[in-house]
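A.B. asks: Take this structure, written in structure tokens, and hold onto it; I'll ask about it next.
All of the numbers you see were taken from the coordinates with simple rules; none came from a lab. All of these numbers come straight from a predicted model, not from anything done at the bench. Don't worry about glycine lacking a Cβ; one is built from the backbone with ideal geometry, like all the others, and counts go over all protein chains shown.
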Amino acid sequence: MMQNIILFLIMINIVSCKQNNLFNSSQKKVYHLAIKENIESFDPVNSVDETSGIILNLLHRNLYTTDVMGNVINDLVESSYIAVDSVYVTIKHGIYFNDTSKAELTAEDVVYSLLRLKSSARQPWTLDKIVDIRAVNRYGVVFIINNVNENLWQRQKYLLSLPQCAVYSKADNVKNNQFSGASTFSVTDFQQGSVELSSSLGFKLDYKVISSDSSRWFYYQQNLLDVYEADGIFRFLKNNKTTYDSINVTEPIVMYAAIVSDEKSLLNDRAFRQALNYKFDRKNVTSKILMNSYQPADYPVPDILNGTLPEFYHYDEKYNCTNFHSDEIINIYSPSDRDRQLSAMVIKSVLHDCKITSRIKIVDLSTLLKINNEKRTGIYLLKWIADYPHAENFIVPLFHSRNSGSGGNRSYYKNEKLDYIIDNAGVTSQNLKAVEEMIRDDAPWIFIGFSKKQYYVNREKSIQLPMMYTGWNEEVFQYR
């Protein structure tokens, strides 16, 4: 009996301590979050992964940033205007770095940070259109860009919002190899497996490195993370619905089946490719077979960047794939990950229903790309992850003929009209839907959909999830 009483008192004490800790954390405005990998470098030039993107985006400010809805907005920029082969930018006055010197951020810091990135050759695509960057006065910067126009500069704004385009103190980097940012956040504790960021506004972000989905879920259950990302089977486990909101966020990642064919292949017939897309039930595939981890779509650019397009493949007699006959055996190439293997099995089933023989070949990704580079006829299960959140980053690499094969256009798609539009008008909000309709009418892919993450967010803390990881900035935490 005495042992039971002691055990009971211990349990009460544990619960009481836990409640007090949670209460104190809430009072101190501490947010508990998970990241997948430890940050290896605080140098923005080396920002090539999701973890560094999140952390560096909180430590630094950029000329432009993205809001929580994914829209590009001014950050350090006060105003700008386009002139002949130049863009003149005026930065805001009174922005200070978060170090003890309280030095003001000027045009020299902007020029130094961006030219350092440009000269590094680490990620040349970020500033590839910019010929030079110069300071014209204390707060003025000029970007030299050949044939610049509003559309080209809009593209560049997205690139300038990326973590690697952060602006930091020139003086601190030259003297001490330090990267002093201009946000309210600074690193107050960093060790293998965790990083703590503190804001001058009075709250902390406590990040723990939790790599696997299962460990994230158990850590979330036991330690009550304020934001938890769910994948796979764990999205179906029960959670405290009174404390956490479940939120779906579409990522700038498209999964698709690129179709490669020679002149003799049935896959060379556009009507047959359209029939395959009609027959492929992407809504059922993404919701049931892929466990709702993808948003179904028969177009290549995520809705966040283009708005939802109407469903295209309406029923018509020409879409009946059994009208086509061939003795050809079609190879379906897939990497070994679960999502693409399952999609390959569905495609094989679709071809079987069309009375076409096929076989699935599971290979590692490098082998698959090597086979694709040889332009072997077949269907290739692939993913494309956009480096920056702009529709151009899907259309140009995936469909312009100059990028055929290793450039990203894995279906070797060629449409002279599309090439002309891209080369002369670019990919704009005005022509994007027409461009996408042109592509899906040619059906160079079996379209599948866009990656979708599910998050559980503590509704008692004011956190508004960004639509894309580059949107992790101060406005995400709507502190009280």
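A.B. asks: Give the separation of the Cα centroids, the range 422-445 to the range 347-402, in Å.
C.D. replies: The range 422-445 and the range 347-402 have Cα centres spaced 19 Å from each other.
A.B. asks: At Gln478 and Met345, where each label point lies 7 Å from the Cα along Cα→Cβ, what is the point-to-point distance in nanometres?
C.D. replies: Going from the Gln478 label point to the Met345 one covers 4.2 nm.
A.B. asks: Along each of its three principal axes, how wide is the spread of alpha-carbon positions in the range 250-453, in whole angstrom units, largest first?
C.D. replies: 43, 38, 37
A.B. asks: Apply the Karplus curve 6.51 cos²θ - 1.76 cosθ + 1.60, θ = phi - 60°, to the phi angles in the range 73-85 and return the couplings in whole Hz, x for Gly and Pro.
C.D. replies: Karplus values, whole Hz, x for Gly and Pro: 9, 5, 10, 7, 6, 8, 7, 7, 8, 9, 10, 5, 6.
A.B. asks: Next question, about the same structure. Round to the nearest 0.05 the FRET efficiency obtained for Asn147 and Arg376 when R0 = 41 Å and r is the Cβ-Cβ distance. Could you put the intermediate results ahead of the total?
C.D. replies: Numbers: r = 39 Å, r/R0 = 0.94.
After rounding to 0.05, the efficiency reads 0.60.
A.B. asks: Does a label point 7 Å from the Cα of Asn424, set along Cα-to-beta-carbon, have any residues of the range 138-154 with amide nitrogen under 11 Å, and which are they?
C.D. replies: In the range 138-154, the label zone of Asn424 (backbone N under 11 Å from the point 7 Å along Cα→Cβ) covers no residue.
A.B. asks: Of the listed pairs Lys118/Lys157; Lys288/Lys452; Lys288/Lys383, which have alpha-carbon separations greater than 18 Å here? Please report the intermediate quantities before stating the final value.
C.D. replies: Numbers: Lys118/Lys157 16 Å; Lys288/Lys452 14 Å; Lys288/Lys383 20 Å.
Among Lys118/Lys157; Lys288/Lys452; Lys288/Lys383, the Cα-Cα distance tops 18 Å for Lys288/Lys383.
A.B. asks: Taking the Cβ of each residue in Lys92, Lys355 as the centre, tally the other Cβ atoms inside 10 Å and list the residues starting with the fewest.
C.D. replies: On the way: Lys92 15, Lys355 11.
The most exposed by this proxy come first: Lys355, Lys92.
A.B. asks: If you don't mind, there's one more thing I want to ask. In which sequence would Trp125, Trp472 go, from the one with the fewest C-beta neighbours within 10 Å to the one with the most?
C.D. replies: Least crowded to most crowded, the residues run Trp125, Trp472.
A.B. asks: Pull up the cross-link candidates among the lysines for Lys461, meaning alpha carbon to alpha carbon under 21 Å and not fewer than 8 places away within one chain.
C.D. replies: Lys18, Lys28, Lys29, Lys204, Lys208, Lys238, Lys241, Lys453
A.B. asks: While we're looking at this one, here's another question. At a Förster distance of 25 Å, what's the computed FRET efficiency of Asp189 paired with Lys36, Cβ-Cβ distance as r, to 0.05? Provide the component values of the computation, followed by the final result.
C.D. replies: On the way: r = 19 Å, r/R0 = 0.77.
For R0 = 25 Å, the calculated efficiency reads 0.85.
A.B. asks: Return the Rg/Rh value of the range 76-204, two decimal places, where both radii are evaluated on C-alpha atoms and Rh is the Kirkwood radius.
C.D. replies: So for the range 76-204, dividing Rg by the Kirkwood Rh gives 1.00.
A.B. asks: Using the Karplus curve 6.51 cos²θ - 1.76 cosθ + 1.60 with θ = phi - 60°, work out ³J(HN,Hα) for each residue of the range 453-466 in order, rounded to whole Hz, and write x for Gly and Pro.
C.D. replies: The phi angles translate into 9, 10, 10, 10, 10, 5, 6, 7, 9, 8, 10, 10, 5, x Hz.
A.B. asks: Estimate the FRET efficiency between Phe218 and Asn71 by the formula 1/(1 + (r/R0)^6), using the beta-carbon distance for r and 41 Å for R0, to the nearest 0.05. Can you show the working numbers first?
C.D. replies: Values: r = 36 Å, r/R0 = 0.87.
Here the calculated transfer efficiency is 0.70.
A.B. asks: Another one. Based on the mean of other beta carbon atoms within 10 Å per residue, what is the order of 416-424, 38-46, most packed first? Write down the numbers at each step before the final one.
C.D. replies: Numbers: 416-424: 13.1, 38-46: 17.8.
The densest-packed peptide leads the list: 38-46, 416-424.
A.B. asks: Taking neighbour Cβ counts within 10 Å as the exposure measure, how do Thr51, Thr66, Thr357 sort from fewest upward? Could the numbers behind the result be given before it?
C.D. replies: Values: Thr51 18, Thr66 26, Thr357 12.
Ranked by crowding around the Cβ, least crowded first: Thr357, Thr51, Thr66.
A.B. asks: Rounded, prolate or oblate: which fits the range 295-400, taking a ≥ b ≥ c as square roots of the Cα gyration tensor eigenvalues, rounded meaning a/c under 1.5, else prolate when a/b beats b/c? Spell out each step's value before the answer.
C.D. replies: Details: a/c = 2.02, a/b = 1.19, b/c = 1.69.
Oblate is the answer for the range 295-400, as a/c is 1.5 or above yet b/c matches or exceeds a/b.
A.B. asks: Sorting check: for 253-262, 144-153, which peptide has the highest mean count of neighbouring beta carbons within 10 Å, and how do the rest follow? Please list the in-between numbers first.
C.D. replies: Numbers: 253-262: 21.4, 144-153: 14.2.
Highest-to-lowest ranking by the protection proxy: 253-262, 144-153.
A.B. asks: Check cross-link reach from Lys102 to the aspartates and glutamates: straight Cα distance under 20 Å, and skip same-chain residues fewer than eight apart.
C.D. replies: Of all the aspartates and glutamates, those that pass the test against Lys102 - Cα under 20 Å, at least 8 places apart if same chain - are Asp75, Asp172, Glu474.
A.B. asks: Under the 0.36 nm per residue contour assumption, what length would be gained going from the current alpha-carbon distance of Glu50 and Tyr88 to full extension? Intermediate results must be reported in sequence, preceding the final value.
C.D. replies: Numbers: separation 38, 0.36 × 38 = 13.68 nm, distance 3.12 nm.
Separation in residues times 0.36 nm, less the Cα-Cα distance, equals 10.6 nm.
A.B. asks: Starting from the Cα of Ser406, step 7 Å along the direction of its Cβ; do the same at Asp132; then give the gap between the two resulting points in nm.
C.D. replies: Distance between label points: 3.4 nm.
A.B. asks: Over all alpha-carbon pairs of the chain, lay out the pair-distance distribution in 10 Å bins, whole %, shortest bin first.
C.D. replies: All Cα pairs considered, the percentages come to 4, 17, 25, 23, 18, 9, 3, 1, 0.
A.B. asks: Let me ask something additional. Which residues' amide hydrogens lie under 5 Å from the amide hydrogen of Asp75, considering only partners 5 or more residues apart or on another chain, with H built in the peptide plane?
C.D. replies: Tyr64, Thr65
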